[in-house]
Structures are given as structure tokens and as C-alpha cells.
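The values are calculated or read from the model by the stated rules, or taken from the named source; none is laboratory data. Note that the structure is a prediction, hence the values are computed from the model and not measured. FYI the Cβ positions are ideal-geometry reconstructions off the backbone, even for glycines, and counts take in every protein chain you see.
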Protein chains: 2
Amino acid sequence: MAAQVRKERERADREKLIVATARELAEQQGWDAVTTRRLAERIQYSQPVLYSHFRGKREIIGAVALEGATEMAAALRAAANAATNATTNTTRDATTNTAGDSATGGPRGRVLALARAYLDFAERYPAVYDAMFQLDGGLTFAAEETPEPLRDGFTALLETLEDVAGPDVRPGLFTEIFWASLHGLATLSRAGRLPPQDAEDRIELLVDRLSAF
Amino acid sequence: MAAQVRKERERADREKLIVATARELAEQQGWDAVTTRRLAERIQYSQPVLYSHFRGKREIIGAVALEGATEMAAALRAAANAATNATTNTTRDATTNTAGDSATGGPRGRVLALARAYLDFAERYPAVYDAMFQLDGGLTFAAEETPEPLRDGFTALLETLEDVAGPDVRPGLFTEIFWASLHGLATLSRAGRLPPQDAEDRIELLVDRLSAF
DNA sequence: CAGAAATTCTAGCACCGCTAGACATTCGAG
DNA sequence: CTCGAATGTCTAGCGGTGCTAGAATTTCTG
């Protein structure tokens, strides 16, 4: 019965296609443009096929969110890692790096890199970010049954931030406020509610104030 | 022609009724339940009447947002003011107020009270808060043509925060990151993405880290 | 009081998420 | 190979959305 496993694989492929197409459509034209009709048309199937994979549009958003969470966790770890292994930047005058710019492998550089990576992700993939934190994807947070990718995203933040939480401060609690602050910056910036030109200043001020290097 | 001014007043009244009804409906059943049909029915007029006052649903949301901004600014100022005039709390043991709890008239107490008032407003009037910062009300921020109530809300924050921005930090910039952090806490908390029991700890940690008392 | 002007309503458009039931396809037993 | 059952997919449609053209009504004005 190899035919059986082939069908299962094709079905899994189609599911991935749905999620990828939804994400693509959302990135191109926003989530409002992701309608079940358009989505069905793009994958060359009729609407009910979508409902054989997902219980509704919410679940499709949720699937995009989980995919995004995995990517974000990887991006955050990569940034923190790159900052750890970075020494003085050769293209820049080392004497200007007095207070420990991001081009140092110290804690400040790591945290700055982490914050930038987070905000960069939110700005680069706004639709995915919305699916994760802005829209209702039917996902559970801060609980037992929180899906692994979401938990892992939080952990990726925590891995870098636990070093700067400071004494007598639970790393988890510190990560929560750090995350919330980044989330606030990300959403307010993208909605045009904060002056764009000061973005970099805000990141540095926030990181320097929150962190106990 | 006193009839003319009477009609204008009646028209203004009806506009206020629309906004108040939209807000009420949103608070009771969420913004999804605020449809033009339901709204029209509640105010005892047909749908097109709504469109003689507002260009669309967006503008109605925007009107609720402006109303909310005015209220929020007042609430923030009231909280900051009350904290300024507060001395040691008589109902509480003064010796436990070692590190300067909110029941002192000092900067920390003022900022804590401000932060609590902000988050309290967001929690108490989630629909209004959404109209202001989460939904698209067609409003312009961080620009010349930003409506007065919104600017004033920011100013209300700034009035208290400029004292703790610290030297060499633009008060406006500091207010931006403080606001963003509060906004992040407010939205993530309400979406169930942060453990509710640590809410108070988060506020104190955030305030203590951000502020330069 | 009649006609003009302003106001309000009815009815409908194109679209939404979602689904019942018709239709087509694939499978397995004889 | 055949034929009934099971599986898969589609067509068509439901009740809802924001919004608007044009008819109907009310109010104002000469």
C-alpha cells in the first residue's frame, strides 16, 4: 500500500502550500486580502478543500504564526550568536566604540543585536508578525499547551537576556518586559505612531536602560 | 432663522449619539459586533445616515479613539497628580515602604502611578484602547496634522516622565520608549500572552529600570 | 400653498467566512 | 474486469459585511 503513503504526503504538501500561499498573499497585499476565495483560487482548489485541512481562517493564520515563530527564533539566535563572536569592527574607528557599540562581543552588543534582530523581523515580515502577535490565530500563550515554536521564540530571547536581567530579578520576568517593550516599539513604529528617524536611538536607549550589564 | 441652528445642534447630537453607541457596543460585544446595520438600528436610523456623518466605519472608530484619547490624558494627569500629593499611606505600615512605594509623592511614586493608570485604562476600556492604538481609525500620528487629543495624550505622559528621562536624554525620546513599553505590556497582557499573576511585578521592574529617578 | 431643497429610507451591489449536498474519483471485494 | 462503497472535490448557496444609487419623504422657501 505505497499508494496510501503517497496520498498522505501529497496531502501534507498541499497543506504546506496553503500556508505558504496564505503567507505570501498576506505579505504582498495584507491579511485583509487573504480571503478563502482568493486563497483557494491561488492553490487551484475550491474553498472546501481549505476546510479539509483547517477548521477555518483562524487556523490558517495560526499555522503561519507557528512557521514565523520558528523563523524568528532562529533569526534571534543567529543575531545573538553573530554578536557574540564579533570583535572590534575593522571598518570603523575603534576609538569611537567607547561605550561598547554593537560591534563588540560583550553583553551590550549581544542584547543590542537581539533587539535589532527582533525589530528587523517585525519590519521585514509584518504579515507574519501580525499573525504571531496581532491577529487571532487561535493560539494559546503563557500556558501549558502553548505550542513549541512559540515557547522556543521566548526561550531564544531568554537565552541572551538572562545574562543582563540583573541580580534578584527572575530572568523570565525580565524577558517578559523586554519582549513587551520590543513588541510595543514594533507595533507603534509600523503603525506610524512613532517618528521613524529616531528608531535607532530608541533601541539603544531602551536596551541601555533595561539591561543590567 | 433659529430653526437652522437647532437643526445643526440636533445633527451634532446625533453624531455624538453615533459615537457613544459605537463605543458602547464595542465595549459590550467587541468591535466585530459593531456593524453598520446594528449601529444604525441602535440609533433608530438607517445605515446611510451614518454615512452622512462619517465617511465609513473607519472614521467612526477614529472618533471613538479621539474621545478615548481625551479621557486617557485626563486619567493620566489625575493619577500623576494624586501621586504627587500623596504622602506615606496611613493604612499601611510605613516601615514596609522602604524603597519608595507608590504611596510617596516622589518621582518613583508618580511614574508608578502613571504606568498603572495607563495599563488600567487599557484594561478597563479595551475597545477604546483598540480604537486608539490597535485598529485603523484613519488617524495620523507623529506628524504635523496629528489631532490634538492624541498629541495631548502623549504630552500627559511627557509631563511626568520628563523628570525621570535622565541627563542627556531627550524627554520626547524617553517618553516614546516608555509609552511603547506600556503599550506592549497592555496588548500582550490582554491577548493572554503574558502570565497575569506577574502584572504588578512587571510594572515595577519596568518603571525602575527605565526611569532615572 | 406649490415647488425646490434637503433629508431619509429601501433595496441592492460585491464581497466575506463557511457548509450542505451533488458529483466525480479511487479503491477493494467478488 | 466489474461494480458498489468509500473517499475526495466541487457547485451553489446561506447569512452576514461595508457601502451606495435612486426612490420616497419631509422640510424649507418664495
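Of all residues in region A:172-187, how many are closer than 20 Å to A:G106 by Cα and within 8 Å of chain B (Cβ to nearest Cβ)?
So in region A:172-187, the residues closer than 20 Å to A:G106 by Cα come out as A:174-175, A:178.
Still in the running and within 8 Å of chain B (Cβ to nearest Cβ): A:174.
Matching residues across region A:172-187 total 1.
Residue by residue through region A:44-68, note down the ones that are within 14 Å of chain B (Cβ to nearest Cβ) and either more than 16 Å from DNA strand D (Cβ to nearest atom) or among the small types (G, A, S) (or both).
Keep residues of region A:44-68 that are within 14 Å of chain B (Cβ to nearest Cβ), which gives A:57-58, A:61-62, A:65.
A:I61, A:G62, A:A65 - these are the residues of region A:44-68 that are within 14 Å of chain B (Cβ to nearest Cβ) and either more than 16 Å from DNA strand D (Cβ to nearest atom) or among the small types (G, A, S) (or both).
The combined condition, being part of a helix (DSSP H, G or I) and within 23 Å of A:P196 (Cα to Cα), is fulfilled by B:L158.
For A:R58, state whether it is of a type outside the set (A, V, I, L, M), within 16 Å of DNA strand C (Cβ to nearest atom), under 21 Å from the mean Cα position of the chain (by Cα) and modelled with pLDDT of 95 or more.
Values: of a type outside the set (A, V, I, L, M): yes; within 16 Å of DNA strand C (Cβ to nearest atom): yes; under 21 Å from the mean Cα position of the chain (by Cα): yes; modelled with pLDDT of 95 or more: yes.
Criteria met by A:R58.
Out of B:V128, B:V169, one residue alone is hydrophobic (A, V, I, L, M, F, W, C) and facing another protein chain (nearest Cβ under 10 Å). It is B:V169. Taking the conditions (1) of a type in the set (K, R); (2) surrounded by fewer than 19 Cβ atoms within 10 Å (Cβ to Cβ); (3) under 24 Å from A:E123 (Cα atoms) in turn, A:R37 satisfies each one other than (3).
The condition of being within 15 Å of the chain's Cα centre (by Cα), of a type outside the set (G, A, S) and within 12 Å of chain B (Cβ to nearest Cβ) holds for only one of A:L150, A:L157, that being A:L150.
Does at least one position in region A:71-78 carry a residue that is more than 10 Å from DNA strand C (Cβ to nearest atom), acidic (D, E) and part of a helix (DSSP H, G or I)?
Taking region A:71-78 and keeping what is more than 10 Å from DNA strand C (Cβ to nearest atom), we get A:71-78.
Checking the rest, the ones that are also acidic (D, E) come to A:71.
In the following step, the residues that additionally are part of a helix (DSSP H, G or I) were identified as A:71.
So far as region A:71-78 goes, yes, one or more of its residues are more than 10 Å from DNA strand C (Cβ to nearest atom), acidic (D, E) and part of a helix (DSSP H, G or I).
Residue-by-condition table, conditions (1) assigned to a helix (DSSP H, G or I); (2) acidic (D, E); (3) under 20 Å from the mean Cα position of the chain (by Cα); (4) within 8 Å of DNA strand C (Cβ to nearest atom):
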{"site": "A:Q4", "(1), (2), (3), (4)": "yes, no, no, yes"}
{"site": "A:A12", "(1), (2), (3), (4)": "yes, no, no, no"}
{"site": "A:E15", "(1), (2), (3), (4)": "yes, yes, no, no"}
{"site": "A:V19", "(1), (2), (3), (4)": "yes, no, yes, no"}
{"site": "A:L25", "(1), (2), (3), (4)": "yes, no, yes, no"}
{"site": "A:R37", "(1), (2), (3), (4)": "yes, no, no, yes"}
{"site": "A:A40", "(1), (2), (3), (4)": "yes, no, no, no"}
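Of the residues in region B:123-139, none is surrounded by fewer than 18 Cβ atoms within 10 Å (Cβ to Cβ), β-branched (V, I, T), in the same structural domain as B:A69 (by TED's automatic domain parsing) and under 26 Å from B:I60 (Cβ atoms). Just one of the listed residues (A:R190, A:R202, A:R209) is modelled with pLDDT of 95 or more and more than 10 Å from chain B (Cβ to nearest Cβ), namely A:R190. No other residue among B:L66, B:L17 is surrounded by 16 or more Cβ atoms within 10 Å (Cβ to Cβ) and at pLDDT 95 or above apart from B:L66. Of all the residues in region B:156-201, those that are closer than 19 Å to A:R151 by Cα and in contact with an Asp or Glu (Cβ under 6 Å, 6 or more places away or on another chain) number 1.
Out of B:E71, B:E41, one residue alone is away from DNA strand D (no atom under 11 Å from the Cβ) and at pLDDT 95 or above. It is B:E71.
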